[in-house]
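Asks: Below you'll find the structure I mean.
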Amino acid sequence: MKNIRLGIAGTGMIAKVIAKAAEPADGVTLQAVSSRTLGSAQVFAEQFGIPVALGSYEELAGHPEVDAVYIGVPTSCKEEIALQAARNGKHILVDKPFTDTASLKRIAGSASEHGVAFMDGTHFVHHPRTQTIKNNISEYLGDVQSVNTSFFFPFPDGENIRFRSDLEPGGPIADLAWYSIRAAIEYMPEVNSISDQTVFTKEDGQTGVTMHGAGLIRFNGKRTSAWQVGYDAGTIIMDLSIIGSSGLIQADDYTLDWDKGFPFEKPGGDVDFTLRQEMDTSWEFRKIKTPSEKSAQSLMLENFAKLVWQPELRGLAADKSILTQQLLDQVLVSAQNGK
């Protein structure tokens with residue numbers, strides 16, 4: 001099985017994360033990078049040892065030496081690049097979130113029509129911890145009743161791209177609550193619709209952009225999820241709790257693990273989760289370790305490469321992306337309506 005030759009659209013923070021992750025990832029060779037200006041692409045290419053630098057996304061989408069494209073540009077620009085790449089027979093890995101469900105369906109539909117793989121760029125689902133929890137969740141927790149999350153990233157600077165509604169129409173809620181929704185989908189069975197919800201928001205005084213959101217969701221009439229996200233905390237918060245009829249699972253780094261999560265680069269810590277059952281006291285809680293030799297983002301690239309060579313896996317990946325965005329859209333509408 002030969003490596004797929006990957007091109008990166010964009011030269012921002014997340015593009016750099018993917019460039020670093022590509023080196024240890026099996027099945028992937030970093031081949032090209034593109035930006036709106038050739039100079040930016042050349043600087044990026046030199047930094048990461050990439051053979052080809054291009055001054056437009058259109059060139060990347062049609063480049064003969066590229067098999068697949070990672071799209072790490074502002075949300076409002078993703079669809080156009082993804083459609084161009086798919087039409088040119090390029091497999092597409094697209095950073096989350098998307099403009100809306102309709103846009104995502106057009107991207108996934110174009111990928112299917114042209115026989116290429118599509119995956120969204122959610123890192124944590126590829127870490128062994130996620131699969132360990134899913135494989136054992138009935139044994140650990142019995143009937144899962146609720147998945148609750150908090151995700152705060154300290155981005156107080158109003159100049160950050162995430163505060164620009166023209167580039168990031170969903171703002172911080174779309175950026176961060178995507179993970180809250182995805183966690184509920186990953187860890188609770190039969191989550192496919194929101195039957196009721198309450199959402200609270202707080203706006204940035206300078207830009208008017210919603211920088212903090214919180215809510216309570218009832219899925220399918222019975223299971224629930226409490227979520228809270230924002231850019232206004234003084235530290236990074238990534239808390240997860242999964243409540244079941246016979247126990248509780250907790251993690252404090254569910255989106256970006258402390259060991260190899262890209263903002264930290266301080267390897268050496270344990271990646272684990274805490275299991276609490278019955279009347280356990282704190283010294284009886286079980287710490288279940290889930291180490292990984294590679295980062296979640298490198299594993300994501302490897303699993304994307306598998307989608308390229310195993311077309312039978314593509315439908316499930318696209319369906320999960322669409323469901324995540326569908327539920328996120330409902331949350332965003334409620335936030336806009338103040339409900």
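The values are calculated or read from the model by the stated rules, or taken from the named source; none is laboratory data. Here the structure is a predicted model, which is why all the values come from computation and not from measurement. When we count neighbours, we look across all protein chains shown, and the Cβ atoms used for this are built from the backbone with ideal geometry, even at glycine. Remember, those area values only see protein heavy atoms, side chains included, never the ligands or the DNA or RNA. Shrake-Rupley method; radii C 1.70, N 1.55, O 1.52, S 1.80 Å.
Asks: Looking at Thr122, Thr149, which one is open to solvent by less than 30 Å² (accessible area, probe 1.4 Å), touching a Lys or Arg at 6+ places or on another chain (Cβ under 6 Å) and either touching a residue at least 40 places away in the same chain (Cβ under 8 Å) or of a type in the set (Val, Ile, Thr) (or both)?
Replies: Only one candidate passes the filter, namely Thr122.
Asks: Ser76 versus (1) at pLDDT 95 or above; (2) within 23 Å of Leu167 (Cβ to Cβ): which is the lone unmet condition?
Replies: Just one mismatch for Ser76, condition (1).
Asks: Going through the stretch 101-115 one residue at a time, which ones are open to solvent by less than 10 Å² (accessible area, probe 1.4 Å) and either within 17 Å of Ala305 (Cβ to Cβ) or not in a helix (DSSP H, G or I) (or both)?
Replies: Selection gives Ala111 alone.
Asks: Run Asp270 past the list (1) without any contact (Cβ under 8 Å) to a residue 24 or more places away in the chain; (2) in a strand (DSSP E or B) and report the number of the one that doesn't hold.
Replies: Among (1) without any contact (Cβ under 8 Å) to a residue 24 or more places away in the chain; (2) in a strand (DSSP E or B), Asp270 violates only (2).
Residue-wise test of (1) closer than 29 Å to Gly247 by Cα; (2) open to solvent by less than 10 Å² (accessible area, probe 1.4 Å); (3) part of a loop (DSSP other than H, G, I, E, B).
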site: Ser165; (1), (2), (3): no, no, yes
site: Glu168; (1), (2), (3): no, no, yes
site: Leu176; (1), (2), (3): yes, yes, no
site: Ser180; (1), (2), (3): yes, yes, no
site: Ile185; (1), (2), (3): yes, no, no
site: Leu216; (1), (2), (3): yes, no, no
site: Val229; (1), (2), (3): yes, yes, no
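Asks: Could I ask something else about it? Got a number for residues in the stretch 276-305 being surrounded by fewer than 16 Cβ atoms within 10 Å (Cβ to Cβ) and more than 30 Å from Ser245 (Cα to Cα)?
Replies: 1
Asks: Being aromatic (Phe, Trp, Tyr) and at pLDDT below 95, is that true of even one residue in the stretch 219-236?
Replies: So far as the stretch 219-236 goes, yes, one or more of its residues are aromatic (Phe, Trp, Tyr) and at pLDDT below 95.
Asks: To continue, here is another question. How many of the residues in the stretch 194-214 are touching a residue at least 12 places away in the same chain (Cβ under 8 Å), outside any loop (DSSP other than H, G, I, E, B) and open to solvent by 70 Å² or more (accessible area, probe 1.4 Å)?
Replies: The number of residues fulfilling the criteria is 3.
Asks: Within the stretch 287-339, which residues are of a type outside the set (Lys, Arg), under 19 Å from Thr255 (Cβ atoms) and in a loop (DSSP other than H, G, I, E, B)?
Replies: Across the stretch 287-339, the qualifying residues are Thr290, Pro291, Ser292, Ser295.
Asks: hydroxyl-bearing (Ser, Thr, Tyr) and more than 21 Å from Leu240 (Cβ to Cβ): which single residue out of Ser138, Ser193 fits that description?
Replies: Going through Ser138, Ser193 in turn, the sole match is Ser193.
Asks: Next question. Test Lys134 against the criterion of being closer than 21 Å to Leu275 by Cβ, basic (Lys, Arg), surrounded by fewer than 20 Cβ atoms within 10 Å (Cβ to Cβ) and in contact with a helix residue (DSSP H, G or I) (Cβ under 7 Å, 6 or more places away or on another chain), and give yes or no.
Replies: Judged against the criteria, Lys134 is a match.
Asks: Right, something else. Out of the residues in the stretch 180-206 that are in contact with a helix residue (DSSP H, G or I) (Cβ under 7 Å, 6 or more places away or on another chain) and closer than 17 Å to Ala335 by Cα, which is modelled with the lowest pLDDT?
Replies: Out of the qualifying residues, it is Asp204.
Asks: Considering (1) surrounded by 20 or more Cβ atoms within 10 Å (Cβ to Cβ); (2) at positive phi, say which one Gly142 fails and leave the rest.
Replies: (1)
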